[in-house]
1. Counting just the Cα atoms, what span does chain A cover along each of its three principal axes? Round to the nearest Å and put the largest first.
2. Can you tell me the 0 to 90 degree angle between the C-alpha axis of helix B:143-164 and the longest principal axis of chain B, rounded to 10?
3. Provide the percentage of antiparallel DSSP beta bridges, counting only those with both residues in the stretch A:145-238; round to the nearest 5.
4. Based on DSSP H runs of at least 4 residues, each adding -39500 (n - 2.57), what is the mean residue ellipticity at 222 nm of the protein assembly as shown after dividing by all its residues, to the nearest 500 deg cm²/dmol?
5. Over the stretch A:195-295, what portion of Cα pair distances is larger than 18 Å, expressed as a whole percent?
6. Relative to a virtual label point 7 Å from the Cα of residue A:110 in the Cα→beta-carbon direction, which members of the stretch A:71-102 show backbone nitrogen distances below 19 Å?
7. Which angle from 0 to 90°, rounded to the nearest 10, does the C-alpha axis of helix B:21-53 make with the longest principal axis of chain B?
8. Over all directions, average the projected area of the Cα convex hull of chain B and note it in nm².
C-alpha cells in the first residue's frame, strides 16, 4: 500500500512539473526576450546560423568570414538542427543570417508549391517568406536532395532514375534523416510523384547514413548531391526526372531588419559560389577532415572576399 | 503545452501502425527484455558463485565501475565498428542490446551477490550441520534467503534499462526514443514530451509489475507478510528459509 501511495505521489509530482512549464507553447520562445535584447535590430553582432550538416556549417563560416572582412561583427552558431528548428531561431532573432536553399524554403512555406525553374522558385520564395525574413541574391551553386544507391544495387536492378525504383523499392530499405519521413518532398513525395514506396525506413543522420549505405544495412539513401561521399564510395545518384526535389540554389536567408548591413558582403559571396567550388570544399572538410573555418577562409581569400 | 501534449496523446493517428504508440512501446519492451535477459545470463551465475564461495569479490567492484561507461558514446562507437562487419539490421540491434545489457549487469550482479552474502551464517551452518551438500545449501538456503535483495537488484536493472533504451533510436532503431528524436528533428515538441512521458510511465508500471512478482516469489517468512495463522513475529530465518524452499522450488528464475 505504501508503494502505491508513493507511485501516486510521483505521478502527481510529475504532472505538477509539467504544469509549471505550461505557460509557453514553444520552448524556444522562452529564450527569445533575452536573445533579442542582446542581438536586437539596433546593432549587436550578426549571428550566422548553420544546420546540422557539414555544408551548412561551411557556408555559415564563409558568410561570417565575408562579413568580418567588411568590418561587421559576426559569429557563427552551427549545428542548430533541421529546418523545422532553425527557421524558428531566425524568427525569434536568436540568429540573423542563415545559408538556405531556394526550393526547400519555397516548399517549407508553401506546401502545395510545385515550381522547379530556378528563377521562378527564387521569386516564389520572396513572396511566401514571413514578413521578418528575406533572401538576398541567389548563387548559381546548387545542392539538391538526391536518392543514391550503391553501384551494385544500381547494376542489379538497372537503376538510372528514381522512377526505376518503383518496381523494386518494396524490397529495399531507405535511410534518411528522421525529418525526411514527414516532409512533403520526402517519403510522401516519393510515393506521390514516383509511386515509389520503400519496404522499410531507417532514420539516421550525417555520416550514419553514408555508413549504412556503404555497409549494406540500407539499399538507398537520401544524400545531398554535393556530398563528397557519393564520389568517394562510388555511389550512383538516381536522376530526379520529375523534379521532385525542385531547384535548390544556395541563398542567404536574413532578417529584414539586418538585411541592409549584410547585403553587400553576402551578395558578393553568392556571386562567387559555384556548385563545383562547394563540392571541392566539402571534400576538404568531410574527407580530408580540415577545419571548415580554414577552408572557408581559403575560399574567401582566393576570391578576393576576405 | 499541456493541451498540445494531450492532443498528441488523443490523436488516433498516433496509436496506429509502425509509428504508433503501441508498436513503439512493444519495441521498447523488447529491447529492455533482451538486454536484461542478456545481463541475467551473465550476472546471476557469477553473483551466485561469488556469493556462495566468497571468492573474487573484486568482480562486483569491477562491474560497478562499468556503470561509469557513457552509454550513448559506447553505442555509437560499437555501431560504427560492427556496422562494417554485419550487413543486416543486426548491425544496429546487436550493439544496442549489448550496451543496454552492460548497464543491467552491475545491479543484477550486486543484488545476487549481496543477497547470498547476507544470509545469516547460522542458517548456513545449520544447513551444513543437517548434512546438506554445498549445492543444496545454495539452492535451498542461500537462494531463497537472498531473493529480496536479488529482486531489488533486478528491479533497479530493469528500471535503468527501460529508461535508457531510448538510445536505440539514435542508431535508427525503434522504441519510444523515436518520439524523442523525431520530435526534435521536426520541431514537434508535443511529440518529444509525449515520448518522455511514455518512458516515465512505462518505467513506473514495470517497477509496479516487478514489485508484485517480488511479493509472489519471496518467502512470506522473509517479507514478514501474514500467512495463514502465523504472524509477523515468526523470525526464525533458517526454519522459514527451509520451508520456503519447498514452496517455491525454482525461485530464482527471473520473470
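1. That works out to 75, 58, 38 Å along the principal axes.
2. Once rounded, the angle reads 10 degrees.
3. Values: 8 of 14 bridges.
Taking every DSSP beta bridge with both residues in the stretch A:145-238, the antiparallel ones total about 55 percent.
4. Details: 24 runs with 305 residues, N = 561.
Roughly -17000 deg cm²/dmol at 222 nm, from the helical runs in the protein assembly as shown.
5. So the portion of pairs separated by more than 18 Å is 63 percent.
6. Under cut-off, by backbone N: A:100-102.
7. That works out to roughly 30 degrees.
8. Working: hull surface 69.1 nm².
Computed as one quarter of the Cα hull surface, the answer is 17.3 nm².
Laboratory data are not the source of any read-out in this text; all were calculated from the coordinates shown. The model shown is predicted, which means the values in this text are computed figures rather than measured ones. Reconstructed Cβ throughout: ideal geometry from the backbone, glycine too, with neighbour counts over all protein chains shown.
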